[in-house]
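Reviewing the structure listed below.
Values in this text are rule-based calculations from the coordinates and carry no lab data. Keep in mind the model is a prediction, meaning the values are calculated, not measured. Using ideal geometry, Cβ is built from the backbone for each residue, glycine included, and neighbour counts are taken over all protein chains shown.
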């Protein structure tokens, strides 16, 4: 769903010429679904989508009741940043990324040359958005976007995205069966919203189609094109970690731009104590406050931020790019006594819960509702705070615990939603 916010402004503008009555974003009951679909048909055919394309795409489509539940639980804003980054920038993703960068070296070099965007950042977007094409979402875009067009908030935005989805189908670039993605409509190996695809996807493999699902070159080239259009400055860094003076209480924020000289006057230094470097206005990013890691960020960090408007997301891309380049972890620890863990350790948590009788499914490193419920139940039995987090403390407690012989399966509350 990462492309949702970056497309919202454009989408609302695209609908500006439609009659006001068609833009009213009022929730509809299930019984009103046919009326909403009829209204959407009027909008689509009035904007150049053929009746045949609309009717074929919407044939038999019913609302997805799970979509609205996901709307307000975006991980960029709902989990601690150390948990968010630990799952996105771990040793597995770095190793996989380096291997795939070798495999697709020629394409990445071509994209870097053509668009001027750092190949490591292009690869990092690929890795974070879909785990290098492994996880692209499985929801049918037409069903998801029609549901969001008829229910909940921001219906005008989602109606514009549905319209662009229908135009994609009409163009023949991507067949309907392949057009699946996230709950909010993002799709492909680097998760473009349909409107973003229409504006910025390119045919980078020369086969005459813009296929960001099945073509790695198209996905990587389109991502480079996006970042260039977002303001990427060739040859410049995104930023770097810095050291704050003791008790720092000065200005901070990605949008609070100052010169490097001004930040230096406040006592901020590079990690080794040397003076700050870099050109142009810069911000001071403190994602966990002054006691956590601190970063001087430049224009290229803003370009990454434009891909998905969340600072934690942009930092994960920037950090993964640095790790792919050969860099290490952040020097300053996160201000927590229970740091996050990577996917291999998360799978270990899940396996140890299974070994203790919790029915959570196959260990996959994805901490969903069943795993959180099992963690919470284990925490209660171990006298730990019940927060359902798969952090270092729970992993260590599970390693120390020994299941009783013949232990019966533990009862796990059913997940809510």
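A few points about this structure:
- Calculated FRET value between residue 79 and residue 351, using beta carbons and R₀ = 25 Å, to 0.05: 0.70
- Whole-percent pair-distance distribution, where bins are 5 Å wide, for the alpha carbons of the stretch 239-325: 3, 15, 27, 26, 19, 8, 1
- Volume per residue for the chain equals 168 cubic angstrom (convex hull of Cα atoms).
- Ordering of 187-195, 92-100 by burial proxy (mean other Cβ atoms within 10 Å per residue, highest first): 187-195, 92-100
- Inter-centroid distance (Cα atoms) of the stretch 130-181 relative to the stretch 237-278, Å: 42 Å
- Beyond 19 Å, the tail of the calculated P(r) for the stretch 183-283 holds 57 percent of the Cα pairs.
- A straight chain from residue 99 to residue 331 at 0.36 nm per residue would run longer than the Cα-Cα distance by 81.0 nm.
- Here is the P(r) of the stretch 343-400: all C-alpha pair distances, binned every 5 Å from 0, give 4, 23, 38, 27, 7, 0 in whole percents.
- In range of the label at residue 269: residues from the stretch 323-338 whose backbone nitrogen is under 16 Å from the point 7 Å along Cα→Cβ: 332
- Shown is the FRET efficiency for residue 255 and residue 234, computed with R0 = 25 Å from the Cβ-Cβ distance and rounded to the nearest 0.05: 0.60.
- All-pairs alpha carbon distance profile, the stretch 241-285, 5 Å steps from 0, percent: 5, 24, 36, 28, 7, 1
- Rg in Å to one decimal, and Dmax rounded to a whole Å, for the stretch 118-251 via C-alpha atoms: 17.6, 60
- Within a Gaussian network of the chain (alpha carbon springs, distance under 10 Å), most fluctuating of 286, 163, 145: 286
- DSSP-defined beta bridges in the chain - what % are antiparallel, rounded to 5: 95 percent
- Computed from the Cβ-Cβ distance with R0 of 60 Å, the FRET efficiency linking residue 62 to residue 399 stands at 0.85.
- The rule of thumb for compact globular proteins, 2.2 N^0.38 Å, goes into the C-alpha radius of gyration of the stretch 135-193 1.03 times.
- Highest mean packing first, where packing is the average number of other Cβ atoms within 10 Å per residue, the peptides 300-310, 251-261, 116-126, 34-44 line up as 116-126, 300-310, 34-44, 251-261.
- Expected 222 nm ellipticity per residue - DSSP helices of 4 or more, -39500 (n - 2.57), all of the chain, to 500: -14500 deg cm²/dmol
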